[in-house]
């Protein structure tokens, strides 16, 4: 019941989200375009948006019907319709001729009832609301939680939450449209369909449509998010269901103890196994969710291995649960190679379908769950850091269970120092999560396209040159292609691979990276990295944190690249 109410409030708050604010002029403009006194327009926009949002969710999120449809197809369609509506608002007589010739308007009005006859067009507001539905589907942490965690488990309950969210969203949009129309309706010049005000609305539609298609709306959203004190995600997240055992403190055992879920749906084991928590009863167990290309996980794993070696003879066990971020991380042989390369000796299970991830209600990599000898989770930690506290908790549990650790020294001398805020963020290259791309044409999922490098990269920007194939998770060179990126970091990593193995040459500020003395350990004497198995490769390692360096990669045909990560 709380989540039902929370979904409704989250729907209201979504209207204030950074990803929605740039679109509010469309809501208001659609409500007043053509006839500032037609009170149906705000209702039609809000209603059609609500229906569109529900249909979009059920078709694209709850089924696999359109699994092969590129995400950009929806973006292009929505942006294109918005531009078309803007053009028709600029040229109302042209719009009237089209409607009269096709006969859509009269048919629609007949369907809605005779009381709507001889009134202004309803097609415009209906289309306006409908094309905005998919945009509003990705703007709330609560909505994302419903889709990811509730929908796969309980469709009926999730559908109720979706309806509650949509009602909250539509209600506030209706009020915004209605009062915006009411205010503008008092301005006499606004009612002239051929006047400058209506034409301005048309221009706004066109500009917003272009921003949606080109991805410029994402940069505008980021700017709004960074320059407003309103923390939409933080407030919305308060309506997510809290773990029933969570308590808000910074103690050694930071949650109220609860029974650890059993491992389920594991599709293979490395370093022994299968492992079952029931067979580990009377032991202290650290369960760690990770994935092998995650740089945070890679930096975290040596601490886990150190604890495993130091305390396994005293009743301590580490179990790594590998939940893949990319499709190639589902392959057993790839994970085996990574486990060996990262010197992991404790058991690792492949949670390819996120079955145990969901059972633990986990949300990120890496996250560890510390389980006492009674089978209860007593500490949860996400991300890097707090290594001293984690080891202290392990030692405390072992001591409470009768272990004598008097002769065993702690393996951790200090906590991990957080990454500087100035560091380049993790940069995904696949179209689904790409950011900071600069160049022409815009990045979009497609079999092949020829790209032109940007001549002026800003910090954190990246650009492509030559022919590339782009899909949701990766980019693949289709010829001798180039990638440039401007970074702020000490270490630069890149996840990718090639079959067969091929060399990528690495240039730093126009020079071979070996000449600058900043080559990473995976770079050979020819300033090349041999990409083979899909994994994380270390390209650059500066003596200290540096900013403003431009990295250029010359990538041969067939090499696929997924994500840049960085260290300080």
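Only the coordinates and a few stated rules stand behind these numbers; no lab work does. Please read all numbers here as calculations on a predicted model, not as lab measurements. In this analysis, Cβ positions are derived from the backbone assuming ideal geometry, glycine residues included, and neighbour counts consider all displayed protein chains.
Stretching residue 155 away from residue 545 to a fully extended chain increases their span by 135.5 nm, per 0.36 nm per residue minus the current alpha-carbon distance. Going from the residue with the fewest nearby Cβ atoms within 10 Å to the one with the most, 54, 208 rank 54, 208. Quick one: if you stick a label point 7 Å off each Cα along the C-beta vector at residue 309 and residue 39, how many nm between them? The two pseudo-label positions are separated by 7.6 nm.
Calculate, in whole percent, how much of the Cα-Cα pair population of region 258-400 lies beyond 25 Å. Let's see the in-between values first.
Numbers: 1788 of 10153 pairs.
Summing the P(r) tail past 25 Å for region 258-400 gives 18 percent.
Going from the fewest other Cβ atoms within 10 Å to the most, the residues 351, 471 appear in the order 471, 351. Remark: spin-label model distance residue 5-residue 278 equals 4.0 nm, labels positioned 7 Å along the Cα→Cβ axis. Once the chain from residue 51 to residue 376 is taken as fully extended at 0.36 nm per residue, the excess over their C-alpha distance is 112.6 nm.
Taking 0.36 nm per residue of separation and subtracting the Cα-Cα distance, what length does fully extending residue 467 through residue 332 add? Before the final figure, lay out the partial values.
Working: separation 135, 0.36 × 135 = 48.60 nm, distance 3.13 nm.
Contour length minus the Cα-Cα distance gives 45.5 nm.
At a Förster distance of 51 Å, what's the computed FRET efficiency of residue 515 paired with residue 16, Cβ-Cβ distance as r, to 0.05? With a Förster radius of 51 Å, E is 0.50. Using C-alpha pairs under 8 Å with a sequence gap of at least 6, the mean separation divided by the residue count of region 258-400 gives a relative contact order of 37 percent.
Spacing of the modelled spin labels on residue 525 and residue 455, each 7 Å from Cα toward Cβ, amounts to 4.0 nm. Taking the fewest neighbouring Cβ atoms within 10 Å as the starting point, the ordered list for 316, 5 is 5, 316.
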